[in-house]
1. Taking residue 156 and the conditions (1) at pLDDT 90 or above; (2) in contact with a Ser or Thr (Cβ under 8 Å, 6 or more places away or on another chain); (3) within 28 Å of residue 13 (Cα to Cα); (4) not aromatic (Phe, Trp, Tyr), which numbered condition does it fall short on, given that it satisfies the others?
2. Only residues that are over 19 Å from residue 125 (Cα atoms) and out of contact with any Asp or Glu (no Cβ under 7 Å at 6 or more places or on another chain): list them for region 153-209, please.
3. Could you list all residues from region 177-200 that are hydrophobic (A, V, I, L, M, F, W, C), more than 24 Å from residue 51 (Cβ to Cβ) and either in contact with a strand residue (DSSP E or B) (Cβ under 6 Å, 6 or more places away or on another chain) or surrounded by 12 or more Cβ atoms within 10 Å (Cβ to Cβ) (or both)?
4. Does residue 11 fit the bill of being assigned to a strand (DSSP E or B), in contact (Cβ under 8 Å) with a residue 24 or more places away in the chain and not basic (Lys, Arg)?
5. Out of region 80-128, which residues are in contact with an Asp or Glu (Cβ under 8 Å, 6 or more places away or on another chain), part of a loop (DSSP other than H, G, I, E, B), modelled with pLDDT of 75 or more and surrounded by 18 or more Cβ atoms within 10 Å (Cβ to Cβ)?
6. Conditions: (1) part of a helix (DSSP H, G or I); (2) at pLDDT 85 or above. Residue 49 meets all but one. Number of the miss?
7. Going through region 21-39 one residue at a time, which ones are out of contact with any strand residue (DSSP E or B) (no Cβ under 9 Å at 6 or more places or on another chain), of a type in the set (Gly, Ala, Ser) and at negative phi?
8. Check residue 55 against each of (1) buried (at least 18 other Cβ atoms within 10 Å of the Cβ); (2) under 30 Å from residue 198 (Cβ atoms); (3) at pLDDT 85 or above and name the one condition it does not meet.
Amino acid sequence: MPRKTNTRESILEFIRTFRRDNGYSPSVREVARHCGIKSPSVVQYHLDQLQQTGFITKDKDRSRSVGVVGETGQAAEVPLLGVIAAGQPIGVPSVDKWSSEAERMIDVPREIMKGRKDLFALRVRGNSMVDAMIADSDIVVMEQADTIKNGDVAACWLENEQEVTLKKVFFEKDRVRLQPCNPYMLPMYHDAANVRFQGRVVAVLRMNP
C-alpha cells in the first residue's frame with residue numbers, strides 16, 4: 001500500500017510548484033492557505049523541520065526566502081559509507097567502520113556543503129523515521145558531530161550493544177531518549193554514558209518517491 005503523503009511533504013511539493021510557476025517563493029500564509037493549515041506558526045514549525053533535515057534553505061530575517069535544496073542542479077560528492085537502521089539498531093563491525101571504508105561517492109546538492117565539512121552519507125534501512133520524511137532506502141547525508149542538540153536526528157552508537165541506529169535525540173537528565181518519528185514505534189531509553197553520536201542529519205536524498 002502506498003505511504004500516505006504527510007503535511008510536510010505537501011508543503012514541500014507546494015513550494016516546489018509555486019517557485020516553478022512564479023519564479024519566487026510563497027509566503028507562510030500562502031502555504032497555510034494552500035495546505036489547509038489554520039495557523040502560520042504551524043507552517044513555520046514544518047518549515048523549520050524541513051530545513052533541519054536538509055530539504056529547504058531559508059533566511060529567518062527575509063520573507064519569501066525559502067529555497068528548495070537541489071534546484072540549482074549543482075552537485076558535490078560525498079562518500080557513501082554504509083547502512084544505518086531506522087528501526088531496531090543493527091550491528092556494525094566497529095565504531096570506526098564508517099570513517100574508513102566507502103562504498104562509493106555519491107552526488108549531493110551543492111547547497112548542502114555550505115559552511116560544513118566532514119560530510120558522509122548512509123543508506124537507511126527501516127521505517128522508524130517516516131514522519132521526519134526519512135523512508136526505507138533513502139540516503140541521509142550526515143555531518144560528523146560528537147555533540148548533538150535536543151531534537152537533532154543523529155546516528156547513535158550504543159556502546160554496550162555495539163549497535164547503531166538513526167533517531168531523534170532528546171536529553172533527559174542522566175539518560176537519552178532515542179525517539180522514532182513513527183506513531184507505531186516506541187522510544188528507546190539509554191544511559192547517557194552508553195550513547196555516542198557519530199553525526200547529525202543535514203539532508204535526505206529520496207530514493208523511493
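The values are calculated or read from the model by the stated rules, or taken from the named source; none is laboratory data. Everything numeric in this text was worked out from a predicted model, so none of it was measured. Positions of Cβ are generated from backbone atoms using ideal geometry, with glycine treated the same way; all protein chains shown enter the neighbour counts.
1. For residue 156, the exception is condition (3).
2. Taking region 153-209 as the starting set, the residues that turn out to be over 19 Å from residue 125 (Cα atoms) are 159-160, 170-177, 189-196.
Selection gives 159, 160, 170, 171, 172, 173, 176, 177, 189, 190, 193, 195.
3. Keep residues of region 177-200 that are hydrophobic (A, V, I, L, M, F, W, C), which gives 178, 181, 185-186, 188, 192-193, 195, 197.
Then keep just the ones that are more than 24 Å from residue 51 (Cβ to Cβ); that gives 185-186, 188, 192-193, 195.
Correct list: 185, 188, 192, 195.
4. Values: assigned to a strand (DSSP E or B): no; in contact (Cβ under 8 Å) with a residue 24 or more places away in the chain: yes; not basic (Lys, Arg): yes.
Against the criterion (assigned to a strand (DSSP E or B), in contact (Cβ under 8 Å) with a residue 24 or more places away in the chain and not basic (Lys, Arg)), residue 11 does not qualify.
5. 86, 126, 127 - these are the residues of region 80-128 that are in contact with an Asp or Glu (Cβ under 8 Å, 6 or more places away or on another chain), part of a loop (DSSP other than H, G, I, E, B), modelled with pLDDT of 75 or more and surrounded by 18 or more Cβ atoms within 10 Å (Cβ to Cβ).
6. The single condition residue 49 does not satisfy is (2).
7. Start the filter on region 21-39 by keeping residues that are out of contact with any strand residue (DSSP E or B) (no Cβ under 9 Å at 6 or more places or on another chain), which leaves 21-24, 26-39.
Cutting the leftovers down to of a type in the set (Gly, Ala, Ser) gives us 23, 27, 32, 36, 39.
Of everything in region 21-39, those that are out of contact with any strand residue (DSSP E or B) (no Cβ under 9 Å at 6 or more places or on another chain), of a type in the set (Gly, Ala, Ser) and at negative phi turn out to be 27, 32, 39.
8. The failed condition is (3).
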